[in-house]
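Written out below as structure tokens is the structure these notes cover.
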Number of protein chains: 2
Amino acid sequence: MNDSAEINALIQHFLERDKYALARIITLVENDPDAARAIISRIYTHSHKSYIIGLTGSPGAGKSSLINSLTTFITSQGYTVGIISVDPSSPYTGGAFLGDRVRMRENILNSKVYIRSVASRGSTGGLAIAIYDITSVFDAFGFDFIIIETVGAGQSEVDIFQLAYTIILVTEPGLGDSVQVQKAGILEIADILVINKSDLGGDFLKVNLNMMLESYKPKSGWHPPIVRTIATEGVGAAELFQTILAHKNHLEVNGLLEEKRRHAIRTQVQNLIESILLKTMAQKFALPENMDKIMEEVCSGSKDVYTAILGFLQPILDRLDHL
Amino acid sequence: MNDSAEINALIQHFLERDKYALARIITLVENDPDAARAIISRIYTHSHKSYIIGLTGSPGAGKSSLINSLTTFITSQGYTVGIISVDPSSPYTGGAFLGDRVRMRENILNSKVYIRSVASRGSTGGLAIAIYDITSVFDAFGFDFIIIETVGAGQSEVDIFQLAYTIILVTEPGLGDSVQVQKAGILEIADILVINKSDLGGDFLKVNLNMMLESYKPKSGWHPPIVRTIATEGVGAAELFQTILAHKNHLEVNGLLEEKRRHAIRTQVQNLIESILLKTMAQKFALPENMDKIMEEVCSGSKDVYTAILGFLQPILDRLDHL
């Protein structure tokens, strides 16, 4: 894909909203950072029209089913939806994603929907950048809504959710309720709480959630509503979508959407700069090979870790200083 | 603390195992990266005698109580214990840690124990580096065991646990059992599983855990045992410690401990190099100010994000190339 005529044709098809071109571009963007920069700079829009929704919750809470029923409802209203699903495979084994695919089956053939799953990568930064890039591509493609789904809490979710305008936390009834929502502060960043599988109960969970919410200051006057759903039957999808629109309206009326967009761009810019700089330095100063030398010195006991690192870094820092 | 005579005296006291000097050095290390490097390079040992234990689990599972009872047992056997507790405050509000302090009260005045809590920081890397540094200081101080406690799963835990030789996952009986352990692959990296509060049940959880464990390949011949505890009454602490020693022995006999130590050092070296390089570049090239300019260009619509970033970065990359 170095042939610029080929890339021109691809971008042309993409701008004509061809889904195959969309898929091809995302694959390019995921696998080749240089291609990513070249292509995204040509398709990137200044409009940022897509409304970005983050959705999280414990495995088993029914996130995929909920996204399926929500997407079915949103598209029934005439809107288009791009879905980015972070593969719940751990960094240790790799994992199957087939179950979620099945739960989203209904929408895989829906012409108004495009679903992309992204594998968890080794580094937090790498995953966040992949998500930023795909979001940029989805945005340029013109989806009305982008839904980013991740599992549970953790720093990588926090990084990814810097992008989202509305964050939804999905819970399910059961003991261990408080456990589900206390995870690393997700409750504090959630704009809407969903009690899914609410045919199985949920009154106690609702009381529990409300109590926990009371201990936080409302974010800019927004009190996170609790929506009950039965995703597998489509129950509550309309109400959830109305609640998303209400939050969107709240952000717009109070000038907060623009603020969130700026914040999202700032996070993206910072991550990209750091990633490009580190990659360049790693090549320039042969980091992998020098890491081996440092390891040798430390593990043989000839130097402590800081002395070994500075023995390698100090000359580089001195040269940088004279740039 | 720029007076080198003062630092010399401090290091002298530290090497004489004075806890006040230990506390002082950790505070210095936490607040001043340059001091951290200078001091750690002088106290760093090549022996790495401390045995490092990682302990995680959902909030409410009783991690602090379990660490308290485990520590009481370990010290009763004549060993010393250093505890690093990652403050469960979210990156968004900051949170109280008093509850955990209370649960560890028994050991706060124990002369064989030192407890340090570390606040979650903005960046994953920053937190991991703080934990590496404190672990190095604890190791140099000569603790027999270091216990690192974190909440739940997520990338930052994965980074921190690169340091640990034995990883313990703490669960509690109740519905939502499978949810507790599926989080971001923690089950797959756990060497020992604890069912705490086992007076409240746990048979079903045990079956559940065993089923989930069967789907993973055992790590180098080690099948993670399940230990039942009632931490608030000290029940199971002896068995848990014996299980830790059994795992330690397994690692030693199979040459895996050395491998884990090398891996831990490698992770630490890589994080430190990246952090030092990025900090230097940020100062040298006035990153914060240039970020503002880039934001201006992108938000005004005059450039797309990639063009704006490369407009700033390309001259830097060119100069780096000619170094």
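Overview of values
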| read-out | value |
| --- | --- |
| Residues that are polar (S, T, N, Q) and part of a helix (DSSP H, G or I), drawn from the stretch B:232-263 | B:Thr232, B:Gln242, B:Thr243, B:Asn249 |
| Elements of type strands (runs of 3 or more DSSP E) in the stretch A:86-178, at least 1 residues being at pLDDT below 85 and under 12 Å from the mean Cα position of the chain (by Cα) | A:113-118 |
| Restricting the stretch B:36-57 to residues that are basic (Lys, Arg) and touching a residue at least 12 places away in the same chain (Cβ under 8 Å), the residue that is nearest to the other protein chains (Cβ to nearest Cβ) | B:Arg42 |
| Scan of the stretch A:300-323 for residues that are among the small types (Gly, Ala, Ser) and either assigned to a helix (DSSP H, G or I) or assigned by TED's automatic domain parsing to the domain that holds A:Ala36 (or both), ordered by number | A:Ala308, A:Gly311 |
| Cross-chain or 6+ apart pairs with Cβ under 7 Å, the stretch A:285-302 first and acidic (Asp, Glu), then surrounded by 12 or more Cβ atoms within 10 Å (Cβ to Cβ) | A:Glu297/A:Lys303; A:Glu297/A:Ala308 |
| Qualifying position, being at pLDDT 80 or above, polar (S, T, N, Q) and more than 24 Å from B:Val269 (Cβ to Cβ), among B:Asn196, B:Asn208 | B:Asn196 |
| Answer from A:Lys248, A:Lys293, A:Lys279, A:Lys260 - the residue that is within 30 Å of A:Ile52 (Cα to Cα) and not assigned by TED's automatic domain parsing to the domain that holds A:Ser50 | A:Lys279 |
| Members of the stretch B:296-323 that are more than 8 Å from every other protein chain (Cβ to nearest Cβ), charged (D, E, K, R) and closer than 20 Å to A:Leu277 by Cα | B:Asp318 |
| Extreme residue, modelled with the lowest pLDDT, among residues of the stretch B:227-239 that are surrounded by fewer than 18 Cβ atoms within 10 Å (Cβ to Cβ) and of a type in the set (A, V, I, L, M, F, W, C) | B:Val235 |
| Boolean, A:Ala282 is in a helix (DSSP H, G or I), more than 32 Å from the chain's Cα centre (by Cα), within 14 Å of chain B (Cβ to nearest Cβ) and small (Gly, Ala, Ser) | no |
| Residue match in the stretch B:290-299 (condition: in a loop (DSSP other than H, G, I, E, B) and of a type outside the set (Val, Ile, Thr)) | no |
| Meets criteria (of a type outside the set (Asp, Glu), within 7 Å of another protein chain (Cβ to nearest Cβ) and surrounded by 19 or more Cβ atoms within 10 Å (Cβ to Cβ)) for A:Leu277 | yes |
| Selected residue [within 14 Å of chain B (Cβ to nearest Cβ), farther than 17 Å from A:Ile148 by Cβ and of a type in the set (A, V, I, L, M)] from A:Val227, A:Val253, A:Val235, A:Val269 | A:Val269 |
| Which numbered condition B:Ile230 misses (of (1) farther than 30 Å from B:Asn196 by Cβ; (2) hydrophobic (A, V, I, L, M, F, W, C); (3) in contact with a helix residue (DSSP H, G or I) (Cβ under 7 Å, 6 or more places away or on another chain)) | (1) |
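The values are calculated or read from the model by the stated rules, or taken from the named source; none is laboratory data. It should be emphasised that the depicted structure is a prediction, and the values quoted were computed from it without experimental measurement. Heads up, the Cβs are rebuilt from the backbone with ideal geometry, glycines too, and the neighbour counts pull from every protein chain shown.
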